[in-house]
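Encoded as structure tokens, the structure appears first; notes follow it.
The values are calculated or read from the model by the stated rules, or taken from the named source; none is laboratory data. What you are looking at is a predicted structure, and each value in this text was computed from that prediction instead of being measured. So basically every Cβ, Gly included, is an ideal-geometry build from the backbone, and we count neighbours across all protein chains shown. When the accessible area is computed, the model is the full protein with side chains, heavy atoms only, and any ligands, DNA or RNA have been set aside. Shrake-Rupley method; radii C 1.70, N 1.55, O 1.52, S 1.80 Å.
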Amino acid sequence: MNIKDLFIDFFKKKGHTQIPSAPLVPENDPSVLFNTAGMQPLIPYLMGEIHPSGNRLCDYQKCLRLTDLEEVGDTTHHTFFEMLGNWSLGSYFKKESIEYSFEFLTNVLKIPVDRLAVSVFKGSEKIPCDEESANVWNSLGIPKERIAYLGMEDNFWAAGETGPCGSDTEIFYWRSNDEIPVAFDPEDDRWVEIWNNVFMEYDRKSDGSISFLPKKNVDTGMGYERIVSVIEGVHDNYESSIWKDIIALIEQITNLTYSGNEKSMRIIADHLRTSVFIAADPAGIVPSNTDQGYILRRLIRRAIRHAKKLNIDINSDWEEQIAKKIMSQYEHYYPELMEKRDIVLTILKEEKQKFNRTLEKGLKEFEKIVSKKEAIDGITAFHLYDTYGFPIELTIELASERNIVVDEIGFQEKMKEHQEKSRTAAAGKFKGGLAGDGQMETKYHTTTHLLNAALKEILGSNTHQRGSNITAERMRFDFNCDHKLTEEEKEKVENLVNFWIQEGLEVTKEEMTKQKALEIGAEAMFIEKYPDIVNVYKIGTISKEICGGPHIKNTKELGTFKIKKEEASSAGVRRIKAVLE
Ligand code: SER
């Protein structure tokens with residue numbers, strides 16, 4: 001039986017309700033491109049909202065992390081992955097959670113206790129040492145030498161700089177044929193982490209202070225790819241049952257063996273799997289030059305480049321064969337793959353055709369460039385992007401294979417210049433420059449920050465933006481909140497925004513590192529999407545937000561703020577429609 005099924009079965013027997021995997025593209029959170037952990041769609045419930053399926057939940061969740069994109073090609077990294085998770089929303093806490101994990105691993109998956117070790121939180125200034133978890137582990141048969149006490153970096157887990165968080169206990173497996181040492185050494189990478197149980201009892205505020213959440217929750221996450229490799233005893237994830245057939249198909253298409261061509265085959269397999277899941281997501285993502293669409297484009301183009309390296313005839317139906325195999329393997333668990341089958345295949349094919357038209361010439365051009373230059377400047381990298389459709393990351397990858405550096409900053413500058421030019425050109429088409437970043441939109445942008453700050457003030461600092469949409473006529477703002485706003489609350493919010501407008505607060509912009517922005521408590525739900533250098537917009541002393549802008553200079557330019565409508569957007573998310581008069 002598949003480990004996903006075993007996991008769900010086990011937790012159902014322990015009184016959990018299975019919830020479906022949320023989409024890869026978060027529905028109400030524009031601050032991240034993709035779901036990066038199983039708990040992400042559950043944040044409102046960890047914060048105290050009532051979940052319609054009860055207080056014991058389990059699932060397998062589609063996740064995508066871009067932080068590891070460059071690492072893909074080795075034995076363990078993936079972009080898309082699945083996470084098995086179980087949650088207690090105020091139902092059970094440390095003892096039961098640890099007992100369940102132990103029982104699942106040793107009874108269901110039959111892992112010998114002797115191959116396990118754990119880490120627990122050693123405590124910090126604000127939070128005590130987690131002796132409770134250590135004692136539970138010990139009572140189950142994990143000897144003291146196999147329990148490591150580690151600090152914040154290792155045994156404290158948070159969704160972001162603010163929000164639900166808590167100490168955790170991590171479970172490790174001895175993945176080696178070498179003799180198992182008596183004591184657990186967390187620095188020894190033959191011990192691999194397989195499961196993380198987070199005891200989410202705190203809420204971290206933007207000023208760094210920590211308070212208790214309304215309930216003590218448990219959030220666990222076990223990476224599916226890893227546990228499958230562990231159980232099957234393989235040291236290369238791509239040799240596990242998850243990937244075996246896909247790699248075999250790539251071998252067949254290329255007429256080459258996996259051995260000796262691992263890197264390109266892994267990249268093709270990983271990137272096409274991720275592309276299939278992005279393209280099948282209900283968000284309707286298609287390849288483009290921004291956000292999720294750009295990631296999809298990058299992944300498909302990188303897969304094509306590696307297919308070319310393996311001498312695959314790009315015009316053949318290689319990508320269709322591989323995508324079909326991937327879909328048939330997953331459609332039982334993710335029915336959307338069946339529904340979106342044709343759309344996925346068309347997206348892959350069209351993007352392939354588009355890129356293939358310029359790929360050959362682009363690669364020749366690249367060869368010409370590197371035969372003459374020792375470094376690739378921004379203008380040249382932009383030329384490869386603009387004329388041959390080479391994502392900058394592809395140029396960097398090609399260059400690094402030859403030990404050549406690329407001036408990425410120069411490229412970004414060129415790119416910005418180009419975007420500004422096309423914006424001005426587009427604005428020209430709409431008399432008076434009201435396209436996208438027109439004057440009214442700019443005003444609504446700034447008002448959005450004011451509204452965000454006012455909601456925090458009136459409803460509590462846990463209130464965060466979940467979505468936003470602006471036109472020249474109105475603004476729309478989604479935020480987490482567990483109730484319909486009362487007339488009084490609406491009035492207070494409206495009055496506060498208008499008060500700030502009348503005060504004539506100055507809007508200032510400061511460029512800083514992402515780290516610094518988070519340290520000074522700038523509003524940002526999740527940091528994944530932001531570049532390393534960000535703009536922080538401040539409004540007087542009442543608001544600090546990481547934002548791309550544009551904004552007006554002083555709040556007195558805004559007029560009068562009026563809430564037109566307040567309604568439900570989705571579970572635990574409210575929506576305000578408002579105008580400036
Ligand atoms: N949120 C934790 C993690 O991602 C446990 O699910 O590791």
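Applying a threshold of 6 Å to beta carbon distances and a minimum spacing of six or more residues, or different chains, the list of pairs starting in region 261-284 at a residue that is among the basic types (K, R) and ending at one that is at pLDDT 95 or above reads R266/Y238; R273/F80; R273/I326.
Could you tell me how many of the residues in region 63-88 are open to solvent by less than 10 Å² (accessible area, probe 1.4 Å) and either in contact with a Pro (Cβ under 7 Å, 6 or more places away or on another chain) or within 14 Å of the ligand (Cβ to nearest atom) (or both)? Residues that pass the stated criteria total 8. When restricted to residues that are of a type in the set (D, E) and within 12 Å of A22 (Cα to Cα), region 35-74 contains 1.
Only one of the listed residues (D168, D207) is away from the ligand (no atom under 16 Å from the Cβ) and either open to solvent by 40 Å² or more (accessible area, probe 1.4 Å) or under 30 Å from V72 (Cβ atoms) (or both). That residue is D207. Just give me the residues in region 472-504 being over 17 Å from E49 (Cβ atoms) and outside any helix (DSSP H, G or I), in sequence order. The answer is A472, E473, R474, M475, R476, F477, T486, G504. The strands (runs of 3 or more DSSP E) falling completely within region 82-172 that include 2 or more residues that are more than 26 Å from the chain's Cα centre (by Cα) map to 116-121, 147-150. Of the numbered criteria (1) without any contact (Cβ under 8 Å) to a residue 24 or more places away in the chain; (2) closer than 27 Å to Q412 by Cβ; (3) polar (S, T, N, Q), the one Q292 fails is (1). Among the residues of region 491-512, just one is of a type in the set (F, W, Y) and open to solvent by 60 Å² or more (accessible area, probe 1.4 Å), namely F499. Could you please find all residues in region 179-219 being over 30 Å from I520 (Cα atoms) and not aliphatic (A, V, I, L, M)? Hits for region 179-219 are E179, P181, F184, D185, P186, E187, D188, D189, R190, W191, E193, W195.
Across region 556-576, the qualifying residues are those that are out of contact with any helix residue (DSSP H, G or I) (no Cβ under 8 Å at 6 or more places or on another chain) and open to solvent by less than 60 Å² (accessible area, probe 1.4 Å), and the one among them that is nearest to A22 (Cα to Cα) is S570. Count, please, the residues in region 21-62 that happen to be more than 24 Å from I546 (Cα to Cα), within 14 Å of the ligand (Cβ to nearest atom) and not in a loop (DSSP other than H, G, I, E, B). Final tally of qualifying residues: 8.
Checked against the criteria, D377 does not count as open to solvent by 10 Å² or more (accessible area, probe 1.4 Å) and in contact with a His (Cβ under 9 Å, 6 or more places away or on another chain). Of all the numbered requirements in (1) open to solvent by 20 Å² or more (accessible area, probe 1.4 Å); (2) over 21 Å from E27 (Cα atoms), S468 misses one, and that requirement is (2). Considering only residues that are of a type in the set (A, V, I, L, M, F, W, C) and assigned to a loop (DSSP other than H, G, I, E, B), look in region 1-20 and name the one that is nearest to G85 (Cα to Cα). So, considering only residues that are of a type in the set (A, V, I, L, M, F, W, C) and assigned to a loop (DSSP other than H, G, I, E, B), the one nearest to G85 (Cα to Cα) is I19.
Applying the selection to region 210-227, what residues are of a type outside the set (V, I, T) and more than 15 Å from the ligand (Cβ to nearest atom)? Those that are of a type outside the set (V, I, T) and more than 15 Å from the ligand (Cβ to nearest atom): S211, F212, P214, K215, K216.
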